[in-house]
1. If neighbour count is taken as other Cβ atoms inside 10 Å, put Val291, Val143, Val271 in order from fewest to most.
2. Give me the number: length gained by fully extending Leu144 to Lys94, i.e. 0.36 nm times residue separation minus the C-alpha to C-alpha distance, one decimal in nm.
3. Taking the Cβ of each residue in Tyr289, Tyr228, Tyr47, Tyr80 as the centre, tally the other Cβ atoms inside 10 Å and list the residues starting with the fewest.
4. Take Met178, Met156 and order them by how many other Cβ atoms sit within 10 Å, fewest up front.
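No lab work stands behind these numbers, since they all come straight from the coordinates. Remember, it's a predicted structure, so these values are computed and weren't measured experimentally. A quick note on method: Cβ atoms are made from the backbone with ideal geometry, for glycine too, and the neighbour counts reach across all protein chains shown.
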Amino acid sequence: MKLNRTLLQDATEQGLLTESQAQQLWDYLAGRAAQTPGLRATHVLYYLGGCIAIGAMTLFMTLGWERFGGWGIVCIALAYAATGIWLTESLLRKQLAMPAGITGAFVIALTPLAVYGLQSALELWAEGHVYRDYHRLIDWRWVLMELATLACGAVMLWRYRLPFLVMPLAVTLWYMSMDLTPFLFGEEAAVWERRKLVSLCFGLLMIALAFRVDLRARGDHDYAFWLYLFGVVAFWGGLSSMNSDSELSKFAYLCINLAMIGVGTLLGRRVFAVFGGLGAAGYFGHLAYDVFQDSMLFPFVLTFLGLGVIYGGTVWQRHEERLSSRLRGMLPALRELVDSKDGAA
């Protein structure tokens, strides 16, 4: 339940709070909300500016920068990084943690560029490959840049403890899940099917890491969000791209997606529910357009199935507290995680 002024006013009218206490509580909550990511004008400007700056040094890099040469790129990247660290320190002194996290992430995002420039300057880079391709092409040559980015990110996260710093690390791990196949098995062996399997397994590892981080994190800072997001993207993307002519395998795919919805509900992570819902919708689309394309009964059956799910929701609502307590008792780690989130709310 979200606390708003109306609820505080109702509590005041019922004698639970005085007018002064209600105002003090609202001022306190408003101050906390200002540091919590949300769709507010200030936060939108923070993230928009950060995305533009980070994108300029990553996704939107032009070929013109190759004219600076290797050492020129290294010097520019280091100058930008020094500026980013100075801004991060300055913003933290002003207790502006959110923009400080964005400028810190900007520093981490510069690491691949600096490593690329150093490799070019030392003539250790393959001819015909440019930094701009780092964000477009899958290639084992990017792995060293990715490892350096993870190392830089670990140092920055240790130094500043800002949740948004996890974002470039999660993106780098996602990139690595795609680049590792040709690195481990060679270009010839890096066929599409093997890439799918590596993506799936890497996604599971990222989700496990995110769950571990979620258990250890306390307070309002959500360090696990970006790991969950890109872990689910890697896992679900690898799973959904696997083709099979077996209806049993396709049904197993549905079950996995339904399980993702359940996991998302238990953990309070919408990303599982969103991708699980997309996967379930894809399976029902397969049934409608391929398996039962000429059936008159299928729409009726699917309608009754949907109504049955709604009824199941009403049953769950009546017994939610008892069933939730039983589930948490079976999974102590989950109970600890959910209880900590309830306490933070």
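1. Listing Val291, Val143, Val271 from fewest to most nearby Cβ atoms yields Val291, Val143, Val271.
2. 14.4 nm is the gain from fully extending Leu144 to Lys94.
3. Going from least to most buried by this count: Tyr289, Tyr47, Tyr80, Tyr228.
4. Placing the least packed residue first, the sequence is Met178, Met156.
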